[in-house]
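The next block holds one structure in the form of structure tokens; read it before the comments.
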Amino acid sequence: MTSSMPRGLTRTQIAERVALDIPDGAYVNLGIGMPEIVAQCIPDEKEVILHTENGLLGMGPPPPAGEEDPELINAGKRPVTTVPGASFFHHVDSFAMIRGGHLDICVLGALEVAANGDLANWSTGTGAVPAVGGAMDLVTGVKAVYVMAGHCTREGEPKLVTECRYPLTGKAVVDRVYTDLAVIDITSQGFAVRDLAPGVTLSDVAERTAAPVVDARRGSHLVDDTGFQSGPSSFLKSEAST
Amino acid sequence: MTSSMPRGLTRTQIAERVALDIPDGAYVNLGIGMPEIVAQCIPDEKEVILHTENGLLGMGPPPPAGEEDPELINAGKRPVTTVPGASFFHHVDSFAMIRGGHLDICVLGALEVAANGDLANWSTGTGAVPAVGGAMDLVTGVKAVYVMAGHCTREGEPKLVTECRYPLTGKAVVDRVYTDLAVIDITSQGFAVRDLAPGVTLSDVAERTAAPVVDARRGSHLVDDTGFQSGPSSFLKSEAST
Amino acid sequence: MIDKRCADAAAAVHDIRDGATVMIGGFGEAGSPTELIDALIEQGASELTVVSNNAGSGTTGLAALIAAGRVSKMVCSYPRSADSEVFAELYRAGRIALELVPQGTLAERIRAAGAGIPAFYTPTAIGTILAQSKPVRRFGDRECLLEHALSGDVALIKAKAADRHGNLIYNKTARNFSPLMAMAADTTVVQASIVAAPGSLDPETVVTPGIFVDRVVREERSPQASSPGVGWL
Amino acid sequence: MIDKRCADAAAAVHDIRDGATVMIGGFGEAGSPTELIDALIEQGASELTVVSNNAGSGTTGLAALIAAGRVSKMVCSYPRSADSEVFAELYRAGRIALELVPQGTLAERIRAAGAGIPAFYTPTAIGTILAQSKPVRRFGDRECLLEHALSGDVALIKAKAADRHGNLIYNKTARNFSPLMAMAADTTVVQASIVAAPGSLDPETVVTPGIFVDRVVREERSPQASSPGVGWL
């Protein structure tokens, strides 16, 4: 706990925070980029099965240098390994897992998240070549959609907004957002702050969010607004029903 | 060749006649009942791959007594074997072969065939329990639909009719009919006799068919109307484009 | 830790409710999960809708479930059998409903439920009495029916081998509908001849990945079982 | 006798016509049929519509086909690549068309073509710009898009092993779109590291049954090839 200026969490710390909320036994898809770090943060005592949409359930960590197999890769096209109990399958079976509602959680990056759960994460709408990949399938099919992103862009623009300006990946699809500053649920009341990073205050978050935020921290009326409100264990308990 | 009363072909002889028309390399589904006999009539010099819709491509002959495997059966639920190059798959992949137009030929039984190719072969419309199995999928999806049936019912009623009275399996789906009396194509002109069983005349066929028949035998205007008009080899040649 | 193994078939089917839709794998005898069906009979759930290719044969398995009066509706392609009158008698007496579905459409509808496809078009059954009341749309020169996904509350299936993750392989033509039903049911229960450690099954040859499976029971009556256990269920 | 083996890649792709729709397996490099693509470049067909998850990377394979100006349209989910500007430059110059399809919808559309499904409904892409001009229908509480089957004149795919019937197995995540494309194309051409006798592949573990395959070429550049053959294509 520090009372200095809010620095927020590092990328790895955000990934650790996400990993805390993934229950034992979950089937999880991690998006390309920052969400990939989550794989390394899942504690040994949890058995979490990672899915990669290019046809593997039971993805393991990257192989040692020199042991890469160009035909054993993840959706980001990086070399991976398999864990015992893994299985390979073709693309339509892989997306049946996604689209048929069989995956418990996906963790995706974001350009913008709106207060109603709209997500924009595939196109800036500018001259760049558009590329959607499996993002629209994931947000539509997976039971819980988590976003992991910097709270603001590098230019300091809020990514949490009232309405997305970029082309949507899906409407009202996001369940929760993990940023360097906070864990924020999408609720019928909009952005609901569920947890704060150490040293970050609710007003730090509110100032950096382009939409109203409500305080939904466990027992938030009893304690001050710095630091994690609830220990990982109680937080996890509430996840069991996800 | 005999000039006595038309006896027509035995079931096995009809099956042999069907087998003559199946080209080397064909993928074939044989319906339950009489069509199953065709499997035994395919000459060794042809490699024909038999499909059974319960999940096997490369079906071989029944096993010797005592070697039956209750989990290796055909669509008629009788024990079968596999040939080298066989593969097992689940039902939706099996019916993708049928419905996706990948099978070359299916041979089915019939209650009635109409002159426009309508087929009724799954229900008599009476009190019996209705059971359709894969018949509607086969007639809709397979490239060439052959019917193999007695020319008349046991009561002497023609099975080849102007319009089916029984519930349809499919509309305008039959390509050719093999009976004890003749080989008959479904054409824009209706039933077109392409071949006659030994000792059977065109008028024998016409008398036992409840719709007009036309004579489409190769060189039929040059020869009398008894016996096979064309040798198997020329017949087969015309099959190459099927 | 992921461990989908159940102590026995009774435990694996204990929570099937009256009125549930139960998908039952198998094509005739091949792939029929008879131990799970026996446990379901013992468990007592009634007013079931059963989705299965056939409607039972002989007097055991699905035929016994039907004979016990537990099934109010069958969804199947071929409810006729040479060696059983169980379904036929109830059907003729108007005491069991039947939704007759072409076999390929049945398989595709089950898969659709598992794959998140609410409905699809097919030319199968166009122009037949099984097309009655279904929406028709033309694609190119073909008329097609709109067919809806078919899901289940529970699937009861049989596998050759499973691991504690629920990865499955099957035996020959016993595979049939089981991989599809595993995808389409809220809860998938498997009876397996062999229950092996994760890693025992080659990842290249797993047919049903564990994500589609919820409960695994080792067969009591399989050849692998010790003889005292046979038939005690 | 069924023998789908071709002498070489050139023979296997000789009849691909200008304007053809060519499905190309692979997810990035994994499963990319590079020898068949090289043969197609050599063969010269142009104005191609290519269906593939990506639009090439680096300067070889699909990127080379695109760079050679042979592709007038790409149908894919992810045409962006860190290490290639080939597609991007042509796209920005308006010299290549792009139909962008969500990856799961792309896979499902290809499968639909192979399975005789002319169209299906999916909630994927509802409310996005990729839904524009597509019919919408509500199922329960979900709006869905009507998506059409996507077929090919030719599929070029890579397998680990084949037999002369065309039965195939794949290697790890190199499987990806290839089994679907094999079902969806009029002519399916396979490059395989190993070409084995029928019966060499376990019937339980064949991934693509031979019925979906038309031509098989043994890889020249695979580890199994003798070194003199490497790279001569």
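Scanning segment A:18-30 for residues that are of a type in the set (Asp, Glu) and within 14 Å of chain C (Cβ to nearest Cβ) yields a count of 1.
Here residue A:109 meets the list (1) in contact with a helix residue (DSSP H, G or I) (Cβ under 6 Å, 6 or more places away or on another chain); (2) crowded, with 24+ Cβ neighbours inside 10 Å almost entirely, failing just condition (2).
How many residues are within 14 Å of chain D (Cβ to nearest Cβ) and touching an Asp or Glu at 6+ places or on another chain (Cβ under 8 Å) when one looks only at segment A:31-53?
1
Among the conditions (1) buried (at least 16 other Cβ atoms within 10 Å of the Cβ); (2) at pLDDT 95 or above; (3) touching a helix residue (DSSP H, G or I) at 6+ places or on another chain (Cβ under 9 Å), residue B:212 misses just one, which is (1). Screening residue A:17 against (1) surrounded by 20 or more Cβ atoms within 10 Å (Cβ to Cβ); (2) of a type outside the set (Asp, Glu); (3) part of a loop (DSSP other than H, G, I, E, B) leaves a single unmet condition, (3). Kindly evaluate residue C:36 against the criterion of being within 13 Å of the chain's Cα centre (by Cα), more than 27 Å from residue C:132 (Cβ to Cβ) and buried (at least 24 other Cβ atoms within 10 Å of the Cβ). In short, yes. Given the criteria within 11 Å of chain B (Cβ to nearest Cβ), at pLDDT 95 or above, surrounded by fewer than 23 Cβ atoms within 10 Å (Cβ to Cβ) and closer than 30 Å to residue C:218 by Cβ, does residue C:169 qualify? Taking the combined requirement at face value, the residue satisfies it.
Taken over segment C:115-131, the residue count meeting the criterion of being within 15 Å of residue D:116 (Cβ to Cβ), of a type outside the set (A, V, I, L, M, F, W, C) and surrounded by fewer than 24 Cβ atoms within 10 Å (Cβ to Cβ) is 1. Of all the criteria given as (1) in contact with a Lys or Arg (Cβ under 9 Å, 6 or more places away or on another chain); (2) within 14 Å of chain A (Cβ to nearest Cβ); (3) modelled with pLDDT of 95 or more, the one not satisfied by residue C:209 is (1). Within segment A:127-150, being farther than 21 Å from residue A:9 by Cβ and more than 7 Å from every other protein chain (Cβ to nearest Cβ) holds for A:128, A:135, A:138, A:139, A:142, A:143. If I filter segment A:44-53 down to residues being part of a loop (DSSP other than H, G, I, E, B) and in contact (Cβ under 8 Å) with a residue 24 or more places away in the chain, which single residue comes out as surrounded by the fewest Cβ atoms within 10 Å (Cβ to Cβ)? So the residue we want is A:46.
Return the only residue of A:117, A:76 being within 26 Å of residue C:115 (Cα to Cα), surrounded by fewer than 24 Cβ atoms within 10 Å (Cβ to Cβ), under 15 Å from the mean Cα position of the chain (by Cα) and not hydrophobic (A, V, I, L, M, F, W, C).
Answer to the check: A:117.
Taking segment B:172-187, which residues are surrounded by fewer than 18 Cβ atoms within 10 Å (Cβ to Cβ) and either part of a strand (DSSP E or B) or basic (Lys, Arg) (or both)? Matches in segment B:172-187: B:187 only. For segment C:132-163, filtered to residues that are crowded, with 18+ Cβ neighbours inside 10 Å and at the interface with another protein chain (Cβ under 10 Å from one of its Cβ atoms), the residue that is farthest from residue C:221 (Cα to Cα) is C:144.
Number of residues in segment D:53-104 that are assigned to a helix (DSSP H, G or I), at the interface with chain A (Cβ under 8 Å from one of its Cβ atoms) and touching an Asp or Glu at 6+ places or on another chain (Cβ under 9 Å): the value is 2. You will find that of A:44, A:93, the residue that is at pLDDT below 95 and over 19 Å from the mean Cα position of the chain (by Cα) is A:44 and no other.
Annotation: of all residues in segment C:86-114 being under 24 Å from residue C:187 (Cα atoms) and basic (Lys, Arg), the one that is surrounded by the most Cβ atoms within 10 Å (Cβ to Cβ) is C:111.
Scanning segment A:38-76 for residues that are under 20 Å from residue D:77 (Cβ atoms), out of contact with any helix residue (DSSP H, G or I) (no Cβ under 6 Å at 6 or more places or on another chain) and among the β-branched types (Val, Ile, Thr) yields a single hit, A:52. For residue A:161, the criteria (1) touching a residue at least 60 places away in the same chain (Cβ under 8 Å); (2) surrounded by fewer than 24 Cβ atoms within 10 Å (Cβ to Cβ); (3) β-branched (Val, Ile, Thr) hold in every case but one, which is (1).
Please determine whether any residue of segment B:54-70 is at the interface with chain C (Cβ under 10 Å from one of its Cβ atoms), within 22 Å of residue B:110 (Cα to Cα) and crowded, with 22+ Cβ neighbours inside 10 Å. Yes, some residue in segment B:54-70 is at the interface with chain C (Cβ under 10 Å from one of its Cβ atoms), within 22 Å of residue B:110 (Cα to Cα) and crowded, with 22+ Cβ neighbours inside 10 Å.
Reported count of residues in segment B:151-179, each being within 13 Å of chain C (Cβ to nearest Cβ) and of a type in the set (Gly, Ala, Ser), is 2.
Among residues of segment C:4-52 being among the small types (Gly, Ala, Ser) and part of a helix (DSSP H, G or I), the one that is farthest from the other protein chains (Cβ to nearest Cβ) is C:10.
The values are calculated or read from the model by the stated rules, or taken from the named source; none is laboratory data. Treat the numbers as computed from the prediction; the structure is a model and nothing was measured. When we count neighbours, we look across all protein chains shown, and the Cβ atoms used for this are built from the backbone with ideal geometry, even at glycine.
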